[in-house]
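Encoded as structure tokens, the structure appears first; notes follow it.
The values are calculated or read from the model by the stated rules, or taken from the named source; none is laboratory data. Note that this is a predicted model, so its numbers are computed, not measured. Backbone-built Cβ (ideal geometry, glycine too); neighbour counts: all protein chains shown. Remember, those area values only see protein heavy atoms, side chains included, never the ligands or the DNA or RNA. Shrake-Rupley method; radii C 1.70, N 1.55, O 1.52, S 1.80 Å.
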2 protein chains.
Amino acid sequence: MTFSMSQVSLPSFEISLNALSAILDKAAAYAAAKKIDPSVLLHTRLSPNMFDLARQVQVAADNAKNGSARLAGVEPPRDEDNETTIDQLKARLARTVTYLKTLDRKAIDASAEREITFPLGPEKKGHMKGDDYLNHFVLPNFYFHCTTAYDILRHCGIELGKRDFMGTPVTL
Amino acid sequence: MTFSMSQVSLPSFEISLNALSAILDKAAAYAAAKKIDPSVLLHTRLSPNMFDLARQVQVAADNAKNGSARLAGVEPPRDEDNETTIDQLKARLARTVTYLKTLDRKAIDASAEREITFPLGPEKKGHMKGDDYLNHFVLPNFYFHCTTAYDILRHCGIELGKRDFMGTPVTL
């Protein structure tokens with residue numbers, strides 16, 4: 001079996017989005033135990049001009065969804081970014097994982113040399129070869145937002161460990 | 001050209017380690033401007049039981065060095081983890097980038113099906129196929145520590161943006 005673009009993207013996204021969902025469960029449990037309004041956690045940010053937790057989760061989901069869809073050569077469905085509760089964010093993550101399973105792996109595998117055009121902010125467009133887009137744009141962005149969501153919750157005092165971030169356990 | 005294990009690992013590590021080095025330059029400039037002892041930044045952590053900035057940088061470098069070396073089938077050189085200054089951490093990052101360039105890309109490309117054995121903490125050993133080790137252990141761990149180093153500095157008030165994290169600019 002050869003090493004492929006779909007192999008580097010789809011399973012990694014699924015593992016990490018499911019891990020993020022389980023991390024949100026721990027955030028909900030912490031909020032309930034400490035009688036904290038969960039929206040306080042969702043609005044927490046590490047710096048005033050960084051995204052809050054809810055937005056980090058939305059962007060992580062969008063990095064996976066939009067990145068994979070563009071590599072597959074299809075238009076990704078748009079999400080409204082209107083989640084205000086942990087349950088809604090978990091539904092967004094689950095919907096994204098379900099969507100990833102609908103994508104054509106062969107189309108993703110064939111995209112290494114194809115030019116991908118993608119938005120950079122509200123007006124600019126980026127252009128990269130498919131393999132560079134995956135390795136040097138989608139993956140670092142995706143892990144950036146997953147990690148920062150985790151970091152925000154660690155900073156809030158929630159007991160999480162690297163295994164929560166990694167998702168599926170390593171074979172010992 | 002086919003999509004390869006070395007392509008997913010080596011250039012990504014080099015870009016992000018160089019980005020981290022440039023981020024440390026901005027931390028040093030911030031410390032000088034604000035008359036802050038840089039070691040205060042190096043000892044900052046987001047939570048009492050998370051690694052501090054210096055350790056995040058060391059571990060990011062080790063994820064790249066050890067992960068790539070194990071995939072190439074060679075024993076990675078050991079670092080002493082004795083850096084106490086920003087300049088020493090930047091030298092560690094530069095040394096790691098130089099080391100990555102010495103690895104045999106063909107050996108890394110041929111490692112997808114080979115079992116990789118790696119330490120999990122001080123006593124346990126992990127075992128994964130090369131492709132899973134890269135996709136589901138090395139990459140998420142590497143980006144976790146790069147991101148958390150960035151997040152610590154954002155939390156300290158240093159002006160950084162996503163482009164600092166991403167390293168090389170995207171082609172517009």
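Any chance region B:68-86 includes a residue that's in contact (Cβ under 8 Å) with a residue 60 or more places away in the chain and closer than 19 Å to B:Cys156 by Cβ? So far as region B:68-86 goes, yes, one or more of its residues are in contact (Cβ under 8 Å) with a residue 60 or more places away in the chain and closer than 19 Å to B:Cys156 by Cβ.
Exactly one residue among B:Ala60, B:Ala72, B:Ala54, B:Ala94 is within 14 Å of another protein chain (Cβ to nearest Cβ) and either in contact with a Gly (Cβ under 8 Å, 6 or more places away or on another chain) or of a type in the set (Gly, Ala, Ser) (or both), and that residue is B:Ala60. What about A:Thr2, is it over 26 Å from B:Ala112 (Cβ atoms) and either at pLDDT below 95 or open to solvent by 20 Å² or more (accessible area, probe 1.4 Å) (or both)? Taking the combined requirement at face value, the residue does not satisfy it.
Do we have A:Ser39 as on the phi < 0 side of the Ramachandran plot and either within 10 Å of the chain's Cα centre (by Cα) or open to solvent by less than 30 Å² (accessible area, probe 1.4 Å) (or both) here? No. Taking the criterion of being within 13 Å of chain B (Cβ to nearest Cβ) and free of Cβ contacts under 8 Å to residues at least 24 places away in the same chain, the only residue of region A:8-30 that qualifies is A:Pro11. Candidates in region A:152-172 are the residues that are touching a Leu at 6+ places or on another chain (Cβ under 9 Å) and facing another protein chain (nearest Cβ under 7 Å); of these, the one that is most open to solvent (accessible area, probe 1.4 Å) is A:Leu172.
Looking across region B:31-49, the residues that are within 13 Å of chain A (Cβ to nearest Cβ) and out of contact with any helix residue (DSSP H, G or I) (no Cβ under 6 Å at 6 or more places or on another chain) come down to B:Arg45, B:Pro48, B:Asn49. Can you name the number of the only condition in (1) surrounded by fewer than 19 Cβ atoms within 10 Å (Cβ to Cβ); (2) of a type outside the set (Gly, Ala, Ser); (3) more than 14 Å from every other protein chain (Cβ to nearest Cβ); (4) in contact (Cβ under 8 Å) with a residue 60 or more places away in the chain that A:Arg105 fails? With respect to (1) surrounded by fewer than 19 Cβ atoms within 10 Å (Cβ to Cβ); (2) of a type outside the set (Gly, Ala, Ser); (3) more than 14 Å from every other protein chain (Cβ to nearest Cβ); (4) in contact (Cβ under 8 Å) with a residue 60 or more places away in the chain, A:Arg105 is out only on (3). Condition test on A:Arg78, is it surrounded by fewer than 20 Cβ atoms within 10 Å (Cβ to Cβ) and more than 13 Å from chain B (Cβ to nearest Cβ)? Answer is yes for this residue. With respect to the stated conditions, B:Gly67 fails to be closer than 17 Å to B:Tyr133 by Cα and more than 18 Å from the chain's Cα centre (by Cα).
Filtering region B:113-151 to residues that are loosely packed, with under 14 Cβ neighbours inside 10 Å and of a type in the set (Val, Ile, Thr) leaves only B:Thr117.
Let me confirm something: among A:Ala60, A:Ala28, A:Ala69, which residue is open to solvent by 30 Å² or more (accessible area, probe 1.4 Å) and either farther than 22 Å from B:Thr148 by Cα or touching a His at 6+ places or on another chain (Cβ under 6 Å) (or both)? Among A:Ala60, A:Ala28, A:Ala69, only A:Ala28 is open to solvent by 30 Å² or more (accessible area, probe 1.4 Å) and either farther than 22 Å from B:Thr148 by Cα or touching a His at 6+ places or on another chain (Cβ under 6 Å) (or both). Sub-9 Å Cβ pairs linking a first residue in region B:120-133 that is closer than 22 Å to B:Val8 by Cβ to a second residue that is of a type in the set (S, T, N, Q) and in a helix (DSSP H, G or I), at least 6 apart or interchain, are B:Asp131/A:Gln7, ordered by first then second residue.
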